[in-house]
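**Q** Quick one: the structure is below, questions incoming.
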Amino acid sequence: MKPATAGAQDLPLKMVGGSNFGRDPKISLEESWNLIVSDNFMVPYAGSKSIVSAIPGGAGRAIYSSIKDDHFVSVIDNKVFYTNKNTDTSQIGELVSFTGDVFLSENNGGQIAICDRLNIYIFDYVLNTFQKATIDFLPGFITFQQGFFISVDISGTNQWRLSDTNNGLSWPSDAFHVGEFQSKANKILAAAPVPGQSNLLFVFGQSVTEAWYLTGAQLFPYQKSTYFDIQFGCLNASTIKWNQTFVVWLGGNEKSTPQIVFSNGSAAQIVKNDGVNYKLASLKKPNDSYGVLLNQDGHIIYQLTFPFDNVSFAYDFTEQKIYNVSDHKQDYHKARQSCFFNNTYFYVSFVDGNIYEWNSKYNDENGLAIPRIRIIPPIRLADGSKFSVNSLAFPIEQGNSQALQSIDLAMSTDGAESFGSFLKTPLNLIGNRKNRFTLFRLGTANDLTFQFRFWGSGRYVFTDGVLSIYQ
């Protein structure tokens, strides 16, 4: 029973929300780690399970699924693997390089192109052959549109190149197959099709993105738009991802710090979050970055990772919220590239040679508990006066797990500059489904921040609550 306190008043306990921290902890330290908003509840961000250990101690570089061939292809170290629906995996080829970015794409001729920024390799799953293409340029990002493989020359020519129609082994150097970046002095990084607009291609430089349309002209089949360019280039081609409606990437230009940029083929839009944008501007090595795009139970999520700076963010386009995400050690998330295959997601990891299934049915990382953390916005009265906390309470699912679960609570009373020790509260075990978490008599403050840590491998589902205070 809640203790009776004369003059008590109830304030909202904002357990539901994203990472809306400010530039300074005094503004707010609000963060959500490995939790996302769903129907005004917080639920776990998808966990993962290792399904193939291809090269123990290796490092994943790329992964791509073929709907047509019903397999997916992955690159780990210098080895190229081929996996079916039963996760039976075999090696199909080798690259010259052992490290660095790798990009994959597929044409309508039964060919999957694999580019390691040195060479283009073609795996033909109809003929079951693996060959290195003969090219006269240094290839970068590779994609496919309307019969052409498209790559860019990263040697400094600012050219982008077309393969012969549905033939990734042939890259002619005549005028019909060679385009050139035109807007301003720039370094070309990538070309990517715009979903939903079958003839539109974005060609990315470091500080501007050009729009080109496939017109079928005889001299060169693409024509640059005379109506618009996007005044954001791309910091790393590995961040460029797209789904059925838009393209998203880590953008920047000569006048701007890094931004999360997206476009459906018209003017670019920027993800706005003061705290995250301040963090992006403070990165030591923003070019060391990777993006993945996934759909978690109807939520379109773009995950952006900076290994050198040891941080990962996830932007939920559905809820328009940003979250912090991590591995089980609260370091950056280890997914380097992902693909959708057999009604689930798979990723290759930065840190090992495994292939992981990535799905919300998993609440941990291959058996290791993922830190689920919610730091709520600061609690202050309008006049800044002191108050005492009588109780806090919020609804939470309990009694659904045989594994031990607990909530650790720490408090800050100095503007989120520091937190006290954690108070651990075990949750109910399976069958005991009382759905309320409560604590009493939590002290006095005039600027109070709560940090909740949800421990254990079970799932967590909770929503907003009530904080009872008195003066």
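**Q** If you average the alpha carbon positions of region 359-399 and of region 58-100, how far apart do those two centres end up, in angstrom?
**A** The distance from the Cα centre of region 359-399 to that of region 58-100 comes to 40 Å.
**Q** Can you sort 249, 171 by how many other beta carbons sit within 10 Å, fewest first? Provide the component values of the computation, followed by the final result.
**A** Working: 249 33, 171 21.
The fewest-first ordering by Cβ neighbours comes to 171, 249.
**Q** Which links in 132/334; 132/272; 85/434; 68/321; 79/321 stretch past 32 Å when you go from one Cα to the other?
**A** Working: 132/334 30 Å; 132/272 43 Å; 85/434 41 Å; 68/321 34 Å; 79/321 37 Å.
The pairs that break the limit, which is 32 Å between Cα atoms, are 132/272; 85/434; 68/321; 79/321.
**Q** Select from 45, 135, 179 the residue farthest towards the positive end of the dipole of region 45-192; place +1 on Cβ of Lys and Arg, -1 on Cβ of Asp and Glu, and compute about the Cα centre.
**A** Towards the positive end, the residue furthest out is 45.
**Q** Taking 35 Å as R0, compute the FRET efficiency from the Cβ-Cβ separation of residue 174 and residue 91 and round it to 0.05. The partial results should precede the final answer.
**A** On the way: r = 36 Å, r/R0 = 1.03.
For residue 174 and residue 91, the calculated efficiency is 0.45.
**Q** Please report the equivalent ellipsoid semi-axes of the chain, computed as sqrt(5 x eigenvalue) of the Cα gyration tensor, largest first, in whole Å.
**A** They are 47, 26, 17 Å, listed from largest to smallest.
**Q** Taking a cut-off of 14 Å between Cα atoms, list the aspartates and glutamates near residue 284, but don't count ones fewer than 8 places away on the same chain.
**A** 309
**Q** Cβ under 14 Å from residue 314's Cβ, residue 314 left aside: what net charge do those residues give with Lys, Arg +1 and Asp, Glu -1?
**A** 0
**Q** Which lysines have a Cα less than 25 Å from the Cα of residue 386, not counting those fewer than 8 places away in the same chain?
**A** 2, 14, 26
**Q** Run the helix sum for the chain: -39,500 (n - 2.57) per DSSP H stretch of 4+ residues, divided by residue count, reported at 222 nm to the nearest 500 deg cm²/dmol. Can you show the working numbers first?
**A** Details: 1 runs with 8 residues, N = 471.
Result for the chain, helices only: -500 deg cm²/dmol.
**Q** How far is it, in nm, from the label point at residue 9 to the one at residue 50 when both lie 7 Å from their Cα along the line to the Cβ?
**A** My value for the distance between the label points is 5.5 nm.
**Q** Given a cut-off of under 8 Å on Cα pairs at least six residues apart, what relative contact order in percent is computed for the chain?
**A** Working: 1295 pairs, mean separation 89.6, N = 471.
Computed over the chain, the figure is 19 percent.
**Q** For region 283-337 and region 233-266, what is the separation of their Cα centres, given in Å?
**A** Spelled out, the Cα-based centre of one part sits 14 Å from the other.
**Q** To continue, here is another question. Want the number for residue 244 to residue 70: 0.36 nm per residue separation, take away the alpha-carbon distance, what's left? Don't skip to the answer; put the middle values down first.
**A** On the way: separation 174, 0.36 × 174 = 62.64 nm, distance 1.97 nm.
Between residue 244 and residue 70, full extension yields an extra 60.7 nm.
**Q** How do the peptides 283-296, 417-430 rank, highest first, by the average count of neighbouring beta carbon atoms within 10 Å per residue? Each step should come with its number before you reach the end.
**A** Details: 283-296: 18.1, 417-430: 13.7.
Listed from highest to lowest mean packing, they are 283-296, 417-430.
**Q** So if each residue of separation counts as 0.36 nm, and I subtract the Cα-Cα distance between residue 385 and residue 108, what length gain in nm does that give?
**A** On the way: separation 277, 0.36 × 277 = 99.72 nm, distance 6.83 nm.
Between residue 385 and residue 108, full extension yields 92.9 nm more.
**Q** Nearest 20 debye, what's the magnitude of the dipole of region 47-369 about its Cα centre given +1 on Lys and Arg Cβ and -1 on Asp and Glu Cβ? Working shown, then result.
**A** Details: 22 positive and 29 negative charges, 99 e Å.
Result for region 47-369 is approximately 480 debye, rounded to the nearest 20.
Only the coordinates and a few stated rules stand behind these numbers; no lab work does. In this text the structure is predicted, and so the values were computed from the model without any measurement. Here Cβ is always computed from backbone atoms with ideal geometry, including for glycine, and neighbour counts include all displayed protein chains.
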